[in-house]
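Asks: Here it is: the structure, laid out below.
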Amino acid sequence: MRNPRLAKLQEEWLVEVTIDQIQEAMESGDVTAKDLVLLYLNRIATYNKHINAVLEVNPDALQIAEALDHERNISGPRGPLHGVPVLLKDNIDTGDKLHTSAGSLALKDHYALEDATVAQLLREAGAIILGKVNMTEWANFMAENMPTGYSSRGGQVLNPYGPGTFEVGGSSAGSGSSIAANFAAVAIGTETSGSILSPASRNSLVGIKPTIGLVSRTGIIPIAHTQDTAGPMTRTVKDAAILLTVITAADETDPVTLKNPIEYDYTEFLMEDGLQGKRIGIARDVFQYLSEEEKMRMEEAINVLKELGATVVDPVTIPSSKENWDYNVLVYEFKTDLNAYLRNVEPNLGIQSLADVIRFNEEHAEQTLKYGQKIMLESENTSGTLTEAEYLQSLEKDQYLSTEQGIDAVLEEHDLDAIVFPNNFGAGIPAKAGYPSVTVPAGYSSDNGPVGITFTGTAFSEPTLIQMAYAFEQKTKLRVPPTL
């Protein structure tokens with residue numbers, strides 16, 4: 001950087017800075033929101049070429065920052081996110097100069113007419129939407145063999161801990177890679193089944209996949225309304241709690257949010273003794289998918305749980321874990337939900353249905369069909385009315401086997417507060433249940449591959465999960481930034 005003051009901040013302060021540290025520096029006058037935007041843009045300019053995480057930068061970011069700096073000087077900060085740069089996954093609408101494409105060339109020229117509710121809440125809290133990050137195209141619901149983090153619009157996102165070596169995780173790959181690389185303070189990802197937990201654990205981040213109904217889905221390009229949610233991806237549990245507090249709200253345009261029993265300030269649950277007296281079950285059957293070193297990290301993590309006062313029940317088995325699960329619910333809901341979203345896309349783009357997307361891809365096959373579109377074709381072959389017996393029967397089965405004969409069954413059998421999984425290996429059943437999970441860094445393999453420990457609970461158990469995740473994080477403090 002040419003500015004020596006900013007160059008010093010870049011060298012000595014910016015990497016791994018937290019929301020609290022940002023606010024302290026702003027209050028003292030050492031840093032402005034404009035400074036922060038310039039600092040993060042410089043990191044993007046320097047390192048994004050190595051990991052391909054950031055897809056697009058907000059052209060108004062600097063001027064928004066200047067306006068927020070002026071507002072701080074006149075009336076003080078709005079809250080902890082005032083002047084804090086945030087990156088959004090490319091399936092989240094922003095009613096500004098940024099595109100919203102879900103990583104697809106079909107929507108590369110699509111400008112949303114208004115903010116998604118999540119984006120609106122961030123702006124109201126004083127956050128600066130710094131840009132959009134790349135993602136697995138159509139949230140990895142396009143082709144069977146598409147690598148996580150790949151899109152026809154943005155190319156392949158790489159993991160900063162080992163570009164080309166470690167999987168980046170998907171489909172919120174850019175959210176994970178960019179925050180691990182310190183391209184912004186925090187990011188928003190989305191999950192249908194593992195798409196926050198996977199890139200968070202693979203990039204040594206904290207990820208919160210909320211209960212369905214906690215965060216509005218309005219203005220987010222969907223896969224399936226039964227399982228979709230947005231959530232925080234950050235470097236610390238406290239930053240994730242701050243972000244979750246801001247984006248949690250009842251929204252009349254998304255009726256599922258009206259079942260949320262209470263709105264919390266989730267920072268109230270940041271307790272260093274948050275594991276004391278908790279009962280935690282270990283989902284040992286998925287450990288078979290881990291390397292020997294990953295198993296070692298998980299055993300070390302389990303010992304920390306015990307050391308911090310938790311009663312560990314090891315192993316526990318979810319009754320429906322061996323069920324022959326299908327993804328029929330997603331196949332049927334995708335067409336219905338995507339068509340509802342695309343009806344509001346600019347008519348001149350010619351993309352107002354799933355059928356239009358499929359046609360566009362066929363007409364531009366060399367650029368768009370590197371991995372095919374088998375899943376899209378499967379979904380298009382449904383009626384779009386959700387009347388098929390196969391869908392309705394799978395919906396009921398998923399709901400029952402993931403809750404009463406799934407997560408809730410094992411929690412009740414052993415009187416548990418949570419179940420622990422490695423990385424995102426336990427994401428599927430709570431995804432079908434719509435239940436929350438929080439993942440936290442649990443160390444690294446000898447070749448520097450990140451490992452995460454994931455706490456999963458029943459509906460709206462985020463306060464308990466945050467307590468446990470924070471206690472584990474504060475005891476271990478295992479996250480180390482990647483060398484870029």
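The values are calculated or read from the model by the stated rules, or taken from the named source; none is laboratory data. Remember, predicted model here, so these are calculated numbers, not experimental data. No Cβ is skipped: glycine too gets one built from the backbone with ideal geometry, and neighbour counts run over all protein chains shown. What goes into the accessible areas is simple: the full protein's heavy atoms, side chains included, and nothing from ligands, DNA or RNA. Shrake-Rupley method; radii C 1.70, N 1.55, O 1.52, S 1.80 Å.
Asks: I need to check one value: relative contact order of the chain, counting alpha carbon pairs closer than 8 Å and at least 6 residues apart, in percent.
Replies: 17 percent
Asks: With a 1.4 Å probe and every protein chain left in place, work out the accessible area per residue of the chain in Å², rounded to a whole number.
Replies: Accessible area per residue, the chain: 37 Å².
Asks: Still on this structure, please answer the following. Can you tell me what percent of all Cα-Cα pairs in the range 121-164 are more than 17 Å apart?
Replies: Roughly 49 percent, rounded to a whole number.
Asks: Next question, about the same structure. Report the gain in length on full extension from residue 359 to residue 258: 0.36 nm times residue separation, minus Cα-Cα distance, nm rounded to one decimal.
Replies: The residue 359-residue 258 span can extend by a further 32.6 nm.
Asks: So how much slack lies between residue 370 and residue 78, counting 0.36 nm per residue of separation and subtracting their Cα-Cα distance, in nm?
Replies: 100.5 nm
Asks: Here's a follow-up. Quick one: how many Å² of residue 297 are accessible to a 1.4 Å probe, rounded to 10?
Replies: The accessible area comes out at roughly 30 Å².
Asks: Now a separate question. Measure off 7 Å from each Cα along the Cα-to-Cβ vector at residue 448 and residue 145, then give the distance between these two points in nanometres to one decimal.
Replies: Simple spin-label model gives 3.1 nm for this pair.
Asks: Take peptides 124-133, 242-251 and line them up by average Cβ neighbours within 10 Å, highest first, as a rough protection proxy.
Replies: Ranking, from highest mean packing down: 124-133, 242-251.
Asks: Given the C-alpha centroids of the range 2-55 and the range 406-455, what is the distance between them in whole angstrom?
Replies: The range 2-55 and the range 406-455 have Cα centres spaced 32 Å from each other.
Asks: Also, quick follow-up: Taking the structure as given and computing semi-axes √(5λ) of the Cα gyration tensor in Å, which label from (1) 42, 31, 21; (2) 31, 30, 21; (3) 40, 28, 19 fits?
Replies: Read-out taken from this structure: (2).
Asks: Hey, any idea what % of the chain's accessible area is carbon plus sulfur with a 1.4 Å probe?
Replies: Solvent-exposed carbon and sulfur of the chain make up 48 percent of the total.
Asks: Once fully extended, how much extra length lies between residue 71 and residue 24, figured as 0.36 nm per residue of separation less the alpha-carbon to alpha-carbon distance?
Replies: 15.3 nm
Asks: On to the next question. Can you compute the FRET efficiency between residue 7 and residue 276 using 1/(1 + (r/R0)^6), with r the Cβ-Cβ distance and R0 = 35 Å? Round to the nearest 0.05.
Replies: Between residue 7 and residue 276 the formula returns 0.20.
Asks: What number, in percent, do you get for the relative contact order of the range 67-192 if the mean sequence gap of Cα pairs under 8 Å and at least 6 apart is divided by its residue count?
Replies: 26 percent
Asks: A further question follows. How large is the Kirkwood hydrodynamic radius of the range 72-223, counting all unique pairs of alpha carbons, in Å?
Replies: 15.5 Å
Asks: What does the net charge come to around residue 16 if you take all other residues with beta carbon closer than 9 Å to its beta carbon, with K and R at +1 and D and E at -1?
Replies: Taking every other residue near residue 16 into account, the sum is +2.
Asks: Follow-up question, since we're still on this one. Within the range 236-252, find all residues whose amide N lies under 11 Å from a label point positioned 7 Å from the Cα of residue 477 along Cα-to-beta-carbon.
Replies: Taking a point 7 Å out along Cα→Cβ of residue 477, no residue of the range 236-252 has its backbone N under 11 Å.
Asks: Ok, one more. Would you kindly calculate the mean projected area, averaged across all directions, of the convex hull enclosing the Cα atoms of the range 289-379, in square nanometres?
Replies: 10.9 nm²
Asks: For the range 159-265, with only Lys/Arg (+1) and Asp/Glu (-1) charged at the beta-carbon, what is the dipole magnitude about the Cα centre, in debye rounded to 20?
Replies: Magnitude of the dipole: close to 300 debye.
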